[in-house]
Structure formats: C-alpha cells, structure tokens
Amino acid sequence: MQTPGAIAKLQFKQDILPTVGSSLSTDDLLSRLRALHEELATLGQNKIDLTSLDKYASDLVNRKLLKHKDGGVRAFVGCCLSDILRLYAPDAPYTDSNLTDIFKLFLYEFERLGNPENGYYIQQTYLLTKLLEYRSIVLIADLPTSNRLLEQLFSIFYDESKSFQPKLLNVIGGTLGEALSEFDAVPLNVLKLIFNKFLTYNPKEIPKGLGVSTNCGYELTLILCNVYSNRISRQLTSYYSEILYNISKHEEDGYSSNIELVQATQKLHKLVLRLWETVPDLVAAVIGFVYQELSSSNENVRKLATKLVGTLLTVDTDINFVETHKDTFNVWISKVADISTSVRVQWVETIIEILSSKEDVPTEISKGLGKTLIDVDSQVRRASVLVFCKVNVEDIWKNIHETSVYSSLLHLTRERNREVRDLCIRTVAKFYSESLENIKRTFENKDIWDIVDAIPTALFHLYYINDPHINELVDGVLFEYLLPLEVQDSKRVERLLTVISHFDKKAYSSFFAFNKRQLQSSLAFSKYIEFSEYLNNDNSPASDGTDTIEVNTIKIKYHKTIDWLAGSLADPAKATESLRILKTINDSRISYLLKTCVSNDTPMASLKNSFNELVNKLRDPALFRKYNIPSVSTVMPKELAYQIKALLYRSSPLIYNVSNVKLFLDVSQNSESQSASLKRKLLDDISDVNPALFKDQVRTLINSIKACDLTEKDDQEVLALTETVKTLYKISKALQSQIDFDDSELTSKLQEFVVNNFPTIAKYSVEILALAPNAENVLSAIKSSILPLEIANGKAFVSHIAVLMEIFKFHPHVLDDESTNIVSYLIKEVLLANQVVGNKSSGDGADKDWISDKELMSDIEGKFSALAGKILALKLFTNKLRSIAPDVESDELAKTFTEKTMKLFFYLIASGGEIISENDDANYPTPDLYQTKLRCCAGLQILKLSRTSVMNTFISSSDIIKLANLVEDESLSVRRTFLDKLKEYISNELISIKFLPLIFFTAYEPDNDLKVSTKTWINYTFNRESFRKGTVFERVLPRLIHAISHHPDIVEGLTGSDEEYIGAVTTAIDYLDFFFDSVTTQENFSLLYYLSERVKNYQDMVSEDGDIADEDDDAEDREDEDQDKRAHKGQKLNNERLYTIGELAQMILLQLKAKRNWQHSAYPSKLNLPSDLFKPLDSIHDVQASFKTHIGDKHIELVKSNIKAKVAKIVYTSQTQRQRAQKRLLAHEYNNDHNKRKKVSGSTTNTAPGFGKENDEHEGGGEDRSYNPGKDVKVYDSALRRKTLRERKKNVDYREEPDEVVDNFS
C-alpha cells in the first residue's frame, strides 16, 4: 500500500537473511546492514513508501538477526529497527511478541553501551538517541512483559559496574523518563532503583580533591526528578505508601514488625530529606505521610517524624518549608506537648541544628523551647537546657527573642532534679560569660539583657539553699565563668563590677558572706598547712615516734581542721582523704604553692600562676607513683586536684585581692556613676571583713586627706572624700599601728573635718581621732570648738550632733560636765521644735515617703538637715544610755534619765512619730516623712538598747506589744527596716526571747517579698541547732498568746458587739495560725499544747493600763474601795482575754492534729510560764473560774468552723517539713546515708557561719508557699489595716502630754 504523500522508496534491495541457496557471511551481513541503516537513517517520516520497507521490517525481527552471535550485527539490526519504528510511527508493524524480542535486543545493546570500548558505541548511541527522539521507547509499556522489561531497562542504566559517558546521561535520563511516564503503576523495584540512589550516594559526603567520577545512577535520578517531576511525584507517593503498606501487613508480628517499621521509616525519611536538599518540589508528594506520622499512635514513628521535620527546617532551599507546608509545621510544633517524653525530647534535640544554621527561625520554635523548659519531665527540661550548651551564643541571641525562654532557664537553677539543676547552673554561667564577651547591648535586646544580667544574682541566691553540693558547684562556675582568673587588673575589676551591678539585696548579702567565708577558709587552710608541716617535720617531736602532749594537741587540731574544711564540700569523705594524701605527699613546692594561693597578700598575677601550676601538679597521673601513695586509695590524682581546687576557690583571695584595692579606691573621677557607687560598696565591705588589704594603701589615703580642701570641693569630691575617711577609719580600727597619730598635719585636717558641714565626714573623722592615744585631749578640744550647740549653724549643727554622738560612744567622760545641757538643748530645739512644719513646707521631700540613713547622712545640699538632726539626737541619747549603763543601778539620776528616754522612744512609736503638741501652732505638725523616720528610728534604738542587759530591764514585756505598731506600720520601709534589724538580733541571739513574738504579727503583711522572706527566716531560724535545742520558738507561745490578748484590735473587739467579737477572734486565729504553720511539728505538738493549756493556770501580770501589777503596791496606790473594784474588773477582763486566746490556740492545735494525723500524748514535764507576764492565781475561786470555757456558747460553733476553714488552708506540708524533705532528696541523690547526712549538716553549720548569721535566710525551694490568709479575714486599709496616727496617739496611755514626756528629761 502506498503511503499518501510518499515521494521515495527504499533503494536498498539486498537480502539480509541467508537463503537455502545463498549463504551470507558475517562480513557481508555487516556490510549490508550498515548500508541499510545508512539509507534508513536518511529517510524522513511520511516521506517514504512504507511498502518498500515491509520486507526489511519483517526480516529484521528474524531470530537469526536478533540472536546473531556477532555483536556488530546485533548493533546494526538495533539501529535499523529503531529507524523502522520511527518511520512506521505511530503504528509499529510488529506483534507484541516481535516487540518483546526487539526490546530485548535494545536492552542488550544498552548494556554494551556501558562499555565505550566495545567497537559499536556509535551505533548504540544512535539507537538510544532515536528511541528517545521519536519516543519509540514508550512501546515498552504496551507489552505483556512490560514490567520485567522496564526493570531490566533501569537495572542496566543503574548498574554501577557500567560506565556511561556523562554526555549521554541526559539522553539516558530522557529515555527512562519517557518510558516511565507511560506506566500507571511502576514496579516497586524500579522505584527502589530510582529513589535508593538518594540513600546510597551523596556527593556532599565525598571528600574533596579525590576526583571521584560522577555516579550515573544518581545523576539519572536527579534528571528524572527534575525533568519529570510531575510523573515522579505520583510514583513517589505510590512508592512511599507501598513501603509502609508492606510493613503494616505484618503488624501482628509485634516486636519484630516494629523494628522493621522503624527501619523502613528511617529510610523513607532519609529519602525525604535528600529530596528536600536536591528537588524540594517533590517533597509535597509525601508531606501528607509525614503529617500523618506526626500524629501516629506509634511513638517511634512520631519520634522519627519529629526528627525529620526538624532536620528539613535546617536545610536551605528555594522553598520555605514553614510557609509551604504550614499544616505539617504546626503539627510538628505541637510535639512540644506530645504525650511521649521521648518525642518531646526529640523535638528539643532537633531545634539545636535549626538555631545553629538558620537566620530566619520561626518564633514558634522559641516559644516551644520556652514550654519545654518548664516541661513536667526532667528529661525534656535537661534536653532544653542542653540547647543553650550546644548552640553558639550569637545564634541564641539572634534567634531566641522570647524573654520567657530566658526566665524559664534561669528558674531551672533551682530545679529539684539534681542532673538538670547542675547542668543549668553551669549552662547559665557559661551563657552569661559568653554573652558579656560577644553580645552588644542594644535597645532591641534590652529585655533579654535584663534577664541575663540577673544570672549572677540567681547564682548567689543558690547559696541560701545551703546544700554542700550546690555551694561547691556555684563556687566552681563563679570562677570559671563569672569571674575568671584575669591577670589584667582593669579588666578583672571591670568584670567584677559588671557582675555585681545588678545584684539585689539578697545577692549582695550572699556575695559579702562569700568573701567573709573566704577569710575563715583561708585561715583554716593556712592552719592545715602549718599543722601538716609540723607533723611532717623530721625535727619535730612527732618524728621520733613518741607523741608528746604538744604533738597530740597538734594532731587533734590537724584532724579538726580537716573535718572543718572537708565538711562543707559535697563529698566530705573524698575531701578528707584528699587533704590527708596532700600531707602524705609532703612536697615542698606544692606546699609553697598552697601557701601562695591562700595568702591574702598574694597579687592576682602570682595567685593565678600558682593556682594553675598547683592544679596541674596534682592532676599529674604519675603523682601517686612518685610519692608511693597506695593504689587502694579512694582518690585518684584527678579527684585530688578537683577537691583541692574546690577548697582553694573558697580559701584564695580571688575577689578581695590586694591587686584590686587600688582600683577600688579610684572613685574620684566618676563618683556619681554606678561604677563608683559599686566600688564604694566593695570598699565598705572590705573595710569591714578584711581591712588589712588596705595596708599598702594607707599612705595613699592619708595623703588624699591631707591634700583635701573642703572649701573647694564639689559634690562628687565630697562623696569621694567621705569614702576615703570612712575607709581610713575602718583600717585604723583593725590596724591601729598603721596610722601615725603623731602626724600633726593629719590630725589637724581631721579636726578641721569634724567641724565642717558634712555630717558623715565629721562622724568618721572623730571616730579616727577617738582611736588616738591622746584621744580624750583631742576630743576635749573638739568639744570646746563646737559647744555650745547652735541650731542656726545649719548643716554644721547636724555635724556637731554627729560628733557629740560619737564622743558619747567612745569617750563619754569627755562630756560629763556638758551632758545635761546637750540633752536639754536637743530636746527643746530639735525634738520639740520643727524647722520644717507640715508637708507643704518640706520642700523637695514633700513627695517622699521614706529616706534611708545613707541618703540622710549623705545629703550634701542639706535638704533634710532638720530630720537628720532629730535622728542623730535620738542616736545620741542611745549612746549616752549605753555609756551610763554601768551606773544605772547605783545612780538615781542615771536611772531617771533612762526611764524618761525609754518613755520618749515608746511615745514616738505609739504616736506615729509625732512628738509636737497640737497646741503648738508654730511647730505642729511634723512632716509625714519625718514622723515615719522618727518612729522607725525610735524602734531601732529600743532594739539596740535591749542588747545591753541593764538597759533591757527597762523594757518590760508589756512594752513589747507596743512595738507591734512598727511590725504593722503603714509604711513598708518602716516594717522592712525594723523587721530586718529584729531578725538580725534574734538570729545572733543578741536580744531577749521576749521580742520574738513580734515576728508573728507579720501574719497580715501585704508585701509578698517581705512576707516570704520573714516566713523563710522563721523556718531557717527554727531549724538552727541552738534554737531547736533550746525550744526557743516553742517556749515563745505563752508570750505570743499574751501579746495577742493585749493587741489593741483584740482588746477592743472582745469587749464589743458580736460582729466585733468575731472579728477580733478571727484576727487572733490568723496570728496563731501563722505561728503554728511555721513552728508546729509532730515532735513539738505535745509541748505546744501543754503550754497553751498552762495559760489558764495563771493570771495576767500586766494591768489594764499596761503596767506590771504589784500586789503589795496595789493596796497603797488605791485610795478607796471603788478603785479596788475597777482594778479587779480590769484584771478579770485581762484574764478573760488571755484565756480566750489560750483556748483558740488549743482548738487550732487539735484541728492541726486531726488534719495531719498526729499522735497526742501528755507532756511529761512541768513548766512554769514567764514570770514577767504571768502570776499564779489568787484563790481557789479563780482556779475554778479558769476551768470554764471562755468562748461563749453562741460563738463557739462559728469559731470552730472558722478555725477548721483556716487550718484547711494551711499547706499540708509546712515550709520546714519541705526543707527537710528536700534535704533528704538531695542526700538520696548524693548516695549518702542518714548518719553521714547528719554529720555533713552539722559540719556545714560550722563551716559557713557567714551564710547563716549574715543573711538569716534559708530557702528550701524556689516555690512560693508563704502563709496566705483567707479572703474573709482581717485586712488593712487599701493595703494595711492600721489605726490612724490620731487613733494611735489617742491610745497612748502615758497620762502625759508630749511636753510632759520630756519634762525634767535631763
């Protein structure tokens, strides 16, 4: 049949098959096939008469040609067949069987194409090209054996043993792609060949420079994925689902099936990752599977999917994963709350690389990190902390902008889990150090810097937990990261100032206590070295084997010193063994290095060199072998070095170093800056704890004073001079020999300062002069220059009061003749007169509600001179009282003055600080700021005087309740200042137990920080050995009951209406609740209940007017029978209130017992109540009357329900019990037994007294579980329920007007 439009016929006429009569040699056959191929190649489609081709189309599929043994024949047959298919397209002139044989031939030729040296490479290339060019390859899809042929086709080109020319790869890829595109269902083996190349070959993993040839299979896969992405996408989806389906069919196999699932999923995820790296568009085909895997019920699958998405997010591609696959990203983000811990941990681990490699990290990731940092599982929290360890600090600052993340990290420094806590402490310290060195402060990162700057504060707060392991850890990070051993002085001091610049009060206390402990540890370590050298000395009495008394004494001291040093470390046993090994080593160089490290005179450069050399020597593995240390030792060189390093961190002068002092003193140029303020703070503490460090700077300080001219000083220079004089005084006090008091220029200058306008400079100047050998003569001369006092002198007048105050303190006899006139003048001209009247005239201070002593004394402009004069006058009275204390019992005038002064102090408290009569129009009223400061100062003076035993007798127990006005004062500053001093004195056991009940009147404290700190102080102090052994807190219960019964609110309420009665009872319950919540345990329950019962066996010793009732004086003082009746009635009311409060205490204790399932047994001993508050009952009638219930029947049920409700609100485990529980937990973590814990606890108390007595606080955890009254309890007006000042003044029962209080004062 003639093809329409054909213009040519095949000209080739030769036979290509041998016949019966004519054989055909291979060479002839090759020649003819070549000729046929060449002609066919020139023919164009639709330009040939196909009938002329029919014969050769049929001959070419003859098996003799298709299976010919000669490769050349087959090669040309293949080329001719490709042309036949081209020319006949689109209808191939063959059956399926013929086509199958044809494609087998093609496949054979493709195999030979992998060897370019086979001789027919050109023909094979022609064949491949024509099959692609005219898409003849697609015919393979219509054959019955198409799948097998397709597998063979791909197997040939993916065979790594063959070497296909790179220039053919596009042709091969196109051929494979065209063939693949005709298959609706591609065989799995073919898909594996395609996609497995992503798993088995990664060009990025090939070392550079090796010249490795291109991987053909990998390149073909890339071509297929890029050129035929739509078709490959469909096949990829099919491949992914088929793999998962094949695995899921075997779910019933259990464990083995799960392993296969995990392995298959891992391979698929690797494929997805490689696709995302190379052809990210294809990932859309399988992202749905990943989405489903993230929500799978199989934990391992979710974990793998979480890891995959996290890894995808680290890869830089042209496609933004977050925006393109938003749903999958959101599900991935939700894995922070996955039910499985391992999945949440995996999520955290994946973000490490994201934060390290990406610049556009989504905010959702940082928010997720903030959640994992507070995860309920410690493994997740630990992994979250590790993010900050493994990610570069610059990347963290660049990518994490959520302040909650940094806050949560900082909170984990108080984590309960030891592993997390230790890791976090190290991490935040390192992060802080690297941030200081690498991150600039900008407006954008200010909020984050505010948190990062608090890291040193948080670390120093950890010392309050008072756990040896935590203390040791904080010591280490302090000097490894926060304050590294820097040789350059200026950098070191700058770093120190930066670290402490954001300290709060609590952190400063801890910091100062740390440096105070350094002196104690340095002394102990020095003694250890001294004792070791003595015992090792060949010439000592110990060397001859006979122990003298001296040797035995040294040995005892040696062992006690080791116990003291080791007892404060985390592992006392190893520390003890390390110190003993150090003695055994007996190396002179090591001994010298130790001495250098702990000497307070060692400059920092020498200290660092000695420290590093010592640690390296101790860490030497050959150390024990060199000194024949037994191999059975429990301590190895590395551990020995660690233990000694931990001790040296505490004993070496790494912060208060002599090299730093000179720079600390350099404050003159920038006195108002924060840096100068911090330096002054450090100088102040150094001069308190270790003034010897100034030894080399004394001459500098003295020269600075000599060169000073106050008439030409500005404010900054005055502040600098103040610090100089103050520092010199503290040096003089500790190193009096360093001051040359014969230096007339110095003494003259100090005397000049005494009479100047600057009270603080005058104060410290006179204190220095008071230390001189001829102090009395010098002070007499000063006295003559400032007396008589003249208030018109302004600021100089305040300085003169300060000078007289110090003279009364150091040499009171100098003022014996002038004392009366001084006191009288101060009473009339200072206390009973106001230079500033009312708030409107108080100038710049009108808007202030508080001023500290430091501000008051450093008031250079004199804005508060009038107030400063009043405060100094009160302090002067206190110093005078202390000076006459020895004479009070024998001198009636001294006794009278003491009584009047005490009455003045208490009047100031009761009146709210107002001492001016309302009738004095010229001076009334005193400004509110002045009143606030005055009543607070009066309370502090009372506490100070109570430290002197003689003066304490003038403060009756009935007066104590009046101090509750300060505990419940309307001013937070007053409450905090008074309570801080009260807690300090009680902690150090400087004042009587009768003051302790005041602490528990903080039950209604509205300021949370003050409430928590007070509660914490109670818990810590209650658990101190001396307080527990003496049952101090338990024995204060009768005093508290008595104080509550005389509290003004209780007195008024219990005699009022029913509503007022219930209100008063509720108030009393809250005070008692606060006490019992803090103090009551199973061990002391019986004692507390016994004491609350004993109250009803006594009567009140305090009369209604507040005086102590004296039975002998009563008869003389009462003029008639009516007075007797009134007194009896008042006594009865006092007893009623006392018994009512006692009954409330019993009811609360019984409710607590029931709540906590405690046992109650009778207290075995008999105790008497304090005789200053309680006296025995007068008659049998009184005894019988005390047995009745004093809470009325109409109120009893309401009171019981009130108590039940309030006790229920008390946290089941008290703060004290939580502390014990935490210590048990810590001890368990450290694998210590109970006896060892007890020993370590005792040692700790002795090793760090600074932390107990300096700060008086102890925290058992980071959780705020302070006492919290119910909503229906007594509250303060707007914050504090207090009587107005007029009401308080009205209730002052001195029976005297203000003028009368000071009448005949002197």
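The values are calculated or read from the model by the stated rules, or taken from the named source; none is laboratory data. None of these values were measured; they are calculated from a predicted model. Methodologically, a virtual Cβ is constructed for each residue, glycine included, from the backbone with ideal geometry; neighbour enumeration extends over all protein chains shown. Ligands, DNA and RNA are excluded from the accessible area calculation, which covers all protein heavy atoms including side chains. Shrake-Rupley method; radii C 1.70, N 1.55, O 1.52, S 1.80 Å.
Tabulated results
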| item | result |
| --- | --- |
| Positive minus negative residues near residue 620 (Lys, Arg vs Asp, Glu; Cβ under 15 Å) | +4 |
| 222 nm mean residue ellipticity, helices alone, for the chain (DSSP H n ≥ 4; -39,500 (n - 2.57); rounded to 500) | -19500 deg cm²/dmol |
| Using alpha-carbon coordinates, inclination of helix 604-619 to the longest axis of the chain, degrees | 60 degrees |
| Listed peptides 724-735, 747-758, 644-655, 1163-1174 by packing density, highest first (mean Cβ within 10 Å) | 644-655, 724-735, 747-758, 1163-1174 |
| Leading residue at positive end of dipole, segment 767-855 (Cβ point charges), from 837, 815, 794 | 837 |
| Heavy-atom accessible area ranking, 1.4 Å probe, most first, across 192, 335, 638 | 638, 192, 335 |
| Loop-resident sites, segment 805-896, for GluC sites (Glu not before Pro), counting at most 15 other Cβ within 10 Å (DSSP) | 861, 889 |
| Length-normalised contact order of the chain in % [C-alpha pairs under 8 Å, at least 6 apart] | 6 percent |
| Span from the segment 913-966 Cα centroid across to the segment 744-777 one, whole angstrom | 31 Å |
| Per residue convex hull volume, Cα atoms of the chain, in Å³ | 298 Å³ |
| Alpha carbon centroid spacing (whole Å) that separates segment 417-459 from segment 674-694 | 26 Å |
| Packing rank of 697-707, 324-334, where each peptide gets the mean count of other beta carbons within 10 Å, highest leading | 324-334, 697-707 |
| Part-to-part distance (alpha-carbon centres) for segment 563-617 and segment 280-330, which is given in Å | 56 Å |
| Sites residue 104 and residue 292 - FRET efficiency at Förster radius 45 Å, r taken between beta-carbons, to 0.05 | 0.60 |
| Residues with amide H under 5 Å from that of residue 656, placed H, sequence gap 5 or more | none |
| Mean separation of Cα contacts under 8 Å, 6 or more apart, over the residue count of segment 683-786: relative contact order % | 27 percent |
| Per-residue SASA entry for residue 1020, accessible area with 1.4 Å probe, Å² rounded to 10 | 40 Å² |
| Total charge dipole magnitude, segment 1-103, about the Cα centre, Cβ charges on Lys, Arg, Asp, Glu only, Debye to nearest 20 | 120 debye |
| Residue-normalised accessible area of segment 887-1007, given per residue in Å² at a 1.4 Å probe | 30 Å² |
| Accessible-area ranking of 928, 684, 318, largest first, probe 1.4 Å | 318, 928, 684 |
| Table column - 3J(HN,Hα) (Hz), segment 484-500, Karplus curve with 6.51, -1.76, 1.60, x for Gly and Pro | x, 6, 9, 6, 6, 4, 5, 5, 5, 5, 4, 5, 4, 5, 5, 5, 8 |
| Distant-in-sequence amide H partners of residue 319 (H built 1.01 Å from N, under 5 Å) | none |
| Vicinal HN-Hα couplings computed from phi for segment 424-439 (Karplus, 6.51 cos²θ - 1.76 cosθ + 1.60; Hz; Gly/Pro x) | 5, 4, 5, 5, 5, 5, 5, 4, 5, 5, 5, 5, 4, 7, 10, 10 |
| Dimensions in Å of segment 412-470 - Rg and Dmax from alpha carbons | 12.8, 40 |
| Residue-by-residue Karplus 3J(HN,Hα) for segment 123-140, coefficients 6.51, -1.76, 1.60, Hz, glycine and proline x | 5, 5, 5, 4, 4, 4, 5, 5, 4, 6, 4, 10, 6, 5, 4, 5, 4, 4 |
| Cα gyration tensor category, rounded, prolate or oblate, for segment 715-835 with a/c compared to 1.5 | oblate |
| Amide hydrogen neighbours beyond the local backbone of residue 1102, cut-off 5 Å, H modeled | 1109 |
| Residue 487 - accessible surface, heavy atoms, 1.4 Å probe, Å² rounded to 10 | 70 Å² |
| Nearest-ten-degree value, helix 146-157 long axis tilted from longest Cα axis of the chain | 70 degrees |
| Shape of segment 1011-1069, Cα gyration tensor, a/c cut at 1.5 | prolate |
| Per-peptide average of other Cβ atoms within 10 Å, ordering 184-190, 1136-1142, 599-605 highest first | 1136-1142, 599-605, 184-190 |
| Cα gyration tensor shape for segment 321-414, rounded if a/c is under 1.5, else prolate or oblate | oblate |
| Rounded to 10°, Cα long-axis angle of helix 229-248 versus longest principal axis of the chain | 70 degrees |
| Share of carbon and sulfur in the accessible heavy-atom surface of segment 1-132 [1.4 Å probe, %] | 50 percent |
